[in-house]
Amino acid sequence: MLMLSWPISAPDNWLKAMDAKPVSTADLVAAGIERHEARWLLEEYGATESPELLSALSRRLAGEPLQYILGHWPFRGLDLDVDARVLIPRPETEELVSIALSELTRLKISGPKILDLGCGSGAIGLSLSSELANAGISSTVVCVDESVEALEVAKKNAEKHRIPGVAFIHSSWFDAVDPLWAGSFDLIVANPPYVGDVEFSTLDPILLHEPKSAIVSPDIDFVPGFADLDVIIRSAPKWLAAHGTLICEHSDIQRDAAMNTARMSGFNEIDDLDDLAGKPRVLVARR
Ligand SMILES: C[S@@+](CC[C@H](N)C(=O)[O-])C[C@H]1O[C@@H](n2cnc3c(N)ncnc32)[C@H](O)[C@@H]1O
């Protein structure tokens with residue numbers, strides 16, 4: 001998960017000094033906003049002083065993530081609504097979607113059935129559904145989250161982008177998924193919480209604005225933050241079709257645990273890919 005930078009504080013009286021003047025990127029940078037964020041804010045609120053811009057600035061200078069202030073954030077082709085009910089979708093998860101699309105191409109399935117575990121804003125499941133539809137492929141996507149609030153955001157994003165054929169299920173992982181769907185998913189994708197409590201306490205405090213339940217998972221067998229991944233990897237074979245694939249994001253210290261758990265769970269072909277920063281990131285386990 002990407003860490004966003006913590007802004008330095010605004011010079012005293014800066015907000016007052018803006019009195020109804022045009023506002024430039026340089027003004028915002030001088031106040032302690034990073035240049036790329038300054039551009040986002042001016043594009044969203046306009047380059048003149050307004051109550052909305054001032055409010056956004058004071059929220060950002062108080063440490064709130066830019067994405068929650070804007071209320072939306074791009075993820076692949078979708079502009080997703082995001083707020084404090086959901087994790088801010090990360091660039092490395094965009095890579096997971098590319099891996100999932102390649103896997104579906106490899107599997108040559110005409111109408112894939114996909115399960116997105118821990119859907120949050122809907123980033124992975126909605127992107128897959130929408131990009132497959134753009135390629136003329138109709139899919140069935142089931143989005144699961146144990147957070148009712150996250151499911152509300154994901155549903156709203158599906159409506160916003162008019163993405164049909166997506167089911168939303170309130171469930172802890174597979175617990176409330178219809179047992180009749182066992183053995184039927186071509187693809188299971190997941191970006192579960194995978195940060196251990198100890199590591200979490202060392203991370204940038206901006207992460208405290210996001211739901212802790214989306215980020216932190218208990219340790220298991222001395223592997224920090226691995227408990228949710230452990231459940232998902234062990235349970236997935238039962239829910240996958242005979243040719244199906246599990247694709248899971250994990251932290252850079254969890255590669256061995258993820259691959260070993262997949263091996264012990266009966267997956268036949270197991271791979272693990274680096275992210276664009278060269279860090280271990282995505283388990284690809286085929287039945
Ligand atoms: C890291 S976030 C990922 C959100 C989204 N998929 C993304 O990639 O941006 C993890 C998500 O898993 C959900 N989650 C945590 N524990 C869960 C559980 N036991 N069952 C289902 N979902 C869970 C959280 O509510 C959160 O939405």
Of the residues ALA242, ALA227, ALA236, only one is assigned by TED's automatic domain parsing to the domain that holds SER184, touching a strand residue (DSSP E or B) at 6+ places or on another chain (Cβ under 7 Å), at pLDDT 95 or above and surrounded by fewer than 20 Cβ atoms within 10 Å (Cβ to Cβ); which? ALA227
Of the residues that make up segment 184-194, is at least one touching a Lys or Arg at 6+ places or on another chain (Cβ under 7 Å), outside any loop (DSSP other than H, G, I, E, B) and either surrounded by 17 or more Cβ atoms within 10 Å (Cβ to Cβ) or of a type in the set (A, V, I, L, M, F, W, C) (or both)? yes
Here the residues within segment 92-136 that are of a type outside the set (S, T, N, Q), farther than 12 Å from ASP186 by Cα and not in a helix (DSSP H, G or I) are LEU117, GLY118, CYS119, GLY120, GLY122, ALA135, GLY136
Which of the residues belonging to segment 247-271 are in contact with a Lys or Arg (Cβ under 8 Å, 6 or more places away or on another chain), closer than 19 Å to GLY118 by Cβ and in a strand (DSSP E or B)? GLU249
Please determine, by comparing only the residues of segment 84-111 that are more than 15 Å from the ligand (Cβ to nearest atom) and touching a residue at least 40 places away in the same chain (Cβ under 8 Å), which one is surrounded by the fewest Cβ atoms within 10 Å (Cβ to Cβ). LEU107
Inspect segment 203-218 for any residue being over 24 Å from GLU95 (Cβ atoms) and either touching a Lys or Arg at 6+ places or on another chain (Cβ under 9 Å) or without any contact (Cβ under 8 Å) to a residue 12 or more places away in the chain (or both) and give the result as yes or no. yes
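The values are calculated or read from the model by the stated rules, or taken from the named source; none is laboratory data. On a predicted model such as this, the values are computed, not experimentally measured, just so you know. Cβ atoms come from the backbone with ideal geometry, glycine included; neighbour counts cover every protein chain shown.
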